[in-house]
1. For segment 137-158, name all the residues that are touching a Pro at 6+ places or on another chain (Cβ under 9 Å), touching a residue at least 24 places away in the same chain (Cβ under 8 Å) and not hydroxyl-bearing (Ser, Thr, Tyr).
2. Can you pull out the residues in segment 24-47 that are more than 11 Å from Leu7 (Cα to Cα) and not charged (D, E, K, R)?
3. Considering only residues that are more than 15 Å from the chain's Cα centre (by Cα) and crowded, with 18+ Cβ neighbours inside 10 Å, look in segment 153-195 and name the one that is modelled with the highest pLDDT.
4. Taking only pairs six or more apart or across chains, which ones have beta-carbon atoms under 9 Å, a first residue in segment 79-94 that is in contact (Cβ under 8 Å) with a residue 12 or more places away in the chain and over 19 Å from Val165 (Cα atoms), and a second residue that is part of a strand (DSSP E or B) and among the polar types (S, T, N, Q)?
5. If you check Met92 against the conditions, is it at pLDDT 95 or above and under 16 Å from the mean Cα position of the chain (by Cα)?
6. Could you please give the count of residues in segment 1-52 that are in contact with a Pro (Cβ under 7 Å, 6 or more places away or on another chain) and either over 14 Å from Ser66 (Cβ atoms) or surrounded by fewer than 17 Cβ atoms within 10 Å (Cβ to Cβ) (or both)?
7. Quick check on segment 117-145: of everything there that is closer than 16 Å to Gly194 by Cβ and in contact with a strand residue (DSSP E or B) (Cβ under 6 Å, 6 or more places away or on another chain), which residue is modelled with the lowest pLDDT?
8. Just the residues that are exposed (fewer than 15 other Cβ atoms within 10 Å of the Cβ), small (Gly, Ala, Ser), touching a residue at least 12 places away in the same chain (Cβ under 8 Å) and in a loop (DSSP other than H, G, I, E, B), please, taken from segment 114-136.
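The values are calculated or read from the model by the stated rules, or taken from the named source; none is laboratory data. Computed from a predicted structure; not experimentally measured. FYI the Cβ positions are ideal-geometry reconstructions off the backbone, even for glycines, and counts take in every protein chain you see.
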Amino acid sequence: MSRVAILQYESSWEGRLVNVLQRLGYEVDLIRTAHEIRRAPYVIVPDGDTSTAALKKPVSQDILASLYTAYVEKKPVLGIGRGMFFFCAGHMAKHQAGLGIFDVPIKQFDANMLDAHDRPLATPYCGYGRIAGLHFIEPTVSEPDVWVYFRTQYCVSARVPFAEVAIAHYGVPFAAAVQKEQLTCVNFLPELSGRVGQCFLEAWARRSDDNM
């Protein structure tokens with residue numbers, strides 16, 4: 001894979017991701033329409049703004065329908081951050097509906113809960129955290145536990161039916177990465193996760209080529 005298509009939607013944050021992929025040697029196409037999604041052999045849905053104001057401008061049903069078609073047609077798709085929740089069940093703050101491919105509801109971290117040091121959870125969750133099981137989703141990430149960067153106020157349960165799951169913990173265990181067929185989604189930001197994130201993106205691209 002020498003070219004990568006990244007979906008640019010209302011309030012998406014694709015800039016750092018584009019820079020990392022270009023440094024890794026990939027040409028990046030920014031796509032915006034359902035037609036472009038249908039034409040692209042691979043699609044990355046990047047992180048984006050999850051403020052209430054941003055979520056009041058949800059992604060169009062045409063875009064969501066094209067992403068669902070890409071999944072059905074077994075195109076390699078990668079959802080990152082907010083992009084992960086396009087494929088889950090329920091809504092983000094009662095505005096952005098998910099496709100339900102991963103049959104788990106979207107929820108917010110509870111600021112009334114305590115972290116591992118008995119401090120109130122800071123939301124959104126910003127910073128490095130450890131995840132377990134990413135090597136099951138991406139075998140080239142050989143370590144059973146790795147540290148990656150999170151910036152999120154939303155999560156889904158660590159138990160995702162009929163999917164491979166890598167787990168992190170922030171007050172509660174949650175799914176840091178999930179995979180079902182050719183659809184891979186992560187609640188961390190590979191573009192901000194140093195060498196681990198770069199290796200993950202490169203491995204996803206190679207595996208996508210192998211499966212086409």
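1. The answer is Val148, Phe150, Arg151, Gln153, Val156.
2. Once the filter is applied, which keeps residues that are more than 11 Å from Leu7 (Cα to Cα) and not charged (D, E, K, R), segment 24-47 yields Leu24, Gly25, Tyr26, His35, Pro41.
3. Step by step, filter segment 153-195, then rank; the result is Tyr170.
4. From residues that are in contact (Cβ under 8 Å) with a residue 12 or more places away in the chain and over 19 Å from Val165 (Cα atoms), the pairs are Met92/Gln108; Ala93/Gln108.
5. Numbers: at pLDDT 95 or above: no; under 16 Å from the mean Cα position of the chain (by Cα): yes.
No; evaluated as a whole, the condition is false for this residue.
6. Residues meeting the conditions: 5.
7. Across segment 117-145, the extreme among qualifying residues is Asp145.
8. The answer is Ala116, and nothing else.
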